[in-house]
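Data block below; observations after.
The values are calculated or read from the model by the stated rules, or taken from the named source; none is laboratory data. Note that the coordinates shown come from a computational prediction; the quantities given were computed from them, not determined experimentally. Cβ coordinates were reconstructed from backbone atoms using ideal geometry, including for glycine residues, and neighbour counts include every protein chain displayed. SASA here: full protein model, heavy atoms, side chains in, ligands and nucleic acids out. Shrake-Rupley method; radii C 1.70, N 1.55, O 1.52, S 1.80 Å.
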Amino acid sequence: MSDSLLDIRHLNKAFGGLKVTRDVSLKLSSGNRVGLIGPNGAGKTTLINLVTGALQPSSGEVWLLGENVTTVSAPRRVKRGLTRTFQITQLAPNLPIGRQVELAIHERDGSVNKLWRSVDSFQKVRDEAESILHTLRLGALIERSPIELAYGEQRLVEIALAMALRPRVLLLDEPMAGVPSGERQVVLDALETLPPELAILMIEHDMDLVFGFADRILVLAEGAVLAEGTPQEIRSHSAVRTAYLGGEA
Ligand SMILES: Nc1ncnc2c1ncn2[C@@H]1O[C@H](COP(=O)(O)OP(=O)(O)OP(=O)(O)O)[C@@H](O)[C@H]1O
Ligand SMILES: [Mg+2]
């Protein structure tokens with residue numbers, strides 16, 4: 001047993017003859033901010049899919065809060081504190097974001113089909129949704145639907161939905177993907193508001209963001225761990241610079 005919230009042990013995954021995850025191990029403790037980087041096709045999203053249970057590994061184990069969850073279903077992993085956001089938006093375009101967060105809270109509480117819920121409990125859910133959106137600086141947009149929002153704001157709604165599930169471990173798959181430069185700061189500021197005790201693994205191609213956000217970085221190349229270290233160590237790692245950062249300073 002360890003005090004890691006998430007403990008990824010020697011994961012391997014092959015699609016037919018194509019090995020896309022090769023002996024990847026990684027630990028996340030409360031408060032960790034880990035960046036997962038690597039070229040397109042390096043296996044970053046696949047690793048997240050293995051961790052969440054969307055994919056089953058060929059070998060290796062995933063431990064969550066001290067329990068082996070390798071064969072536990074994806075929804076049960078969510079219930080145990082593991083939540084992800086997606087590389088590509090999964091929001092309902094025409095439903096007000098406040099409603100979407102409320103639905104996520106009901107989902108978490110298993111109250112979606114409970115018609116005997118009290119008016120009081122509806123109000124509690126509404127208040128919680130408002131508070132989550134407020135923290136992520138989306139409070140003023142609670143009645144708006146994603147279709148009416150800027151793309152950066154939509155990405156934050158996805159994080160709001162993830163937070164509604166009360167994760168202990170949050171996996172962010174390219175939160176900045178598609179966000180225009182003018183909206184970047186809004187996303188950066190919101191990421192800063194996430195609870196400090198949350199363990200976060202973030203995939204991101206935006207190097208300024210990763211190197212600013214993460215206290216540790218894992219570099220994947222062709223499915224395997226090429227390097228792991230502090231942003232400082234990764235920046236000066238020669239194999240990383242050759243394989244990924246293109247040798248730039
Ligand atoms: N379901 C699948 N079946 C077969 N091959 C797959 C499947 N999913 C992913 N792959 C392959 O696995 C490799 C890793 O893909 P993955 O999406 O994990 O990369 P990534 O690091 O997230 O890339 P990107 O930065 O482009 O998002 C790629 O070669 C991809 O084509
Ligand atoms: Mg990906």
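Label-to-label distance for residue 148 and residue 79 is 3.6 nm, based on points extended 7 Å past Cα in the beta-carbon direction. Extension gain, residue 25 to residue 127, is 32.8 nm, computed as 0.36 nm per intervening residue step minus the present C-alpha separation. Panel note: the C-alpha atoms of the chain, placed on their principal axes, show extents of 58, 42, 34 Å (largest first). The mean sequence separation of alpha-carbon pairs under 8 Å and at least six residues apart, normalised by the residue count of the range 6-248, gives a relative contact order of 28 percent. If R0 is taken as 22 Å, the Cβ-Cβ distance between residue 95 and residue 68 corresponds to a FRET efficiency of 0.05.
Stretching the chain fully between residue 205 and residue 15 yields a gain of 66.0 nm (0.36 nm per residue, less the alpha carbon separation).
Cross-link partners of residue 44 among lysines, defined as those whose alpha carbon lies under 26 angstrom from its own and excluding same-chain residues fewer than eight positions apart: 13, 19, 27, 79. Based on alpha carbons, the Rg and Dmax found for the range 14-80 are 12.4, 37 Å. Using +1 at the C-beta of Lys and Arg and -1 at the C-beta of Asp and Glu, which of 59, 82, 172 has the Cα lying farthest in the positive direction of the dipole of the chain? Comparing the listed Cα positions along the dipole, 59 ranks first.
With the helix formula -39500 (n - 2.57) applied to DSSP H stretches of n ≥ 4, the chain reaches a computed 222 nm mean residue ellipticity of -10000 deg cm²/dmol. For the chain, the fraction of 1.4 Å probe accessible surface lying on carbon and sulfur atoms is 52 percent.
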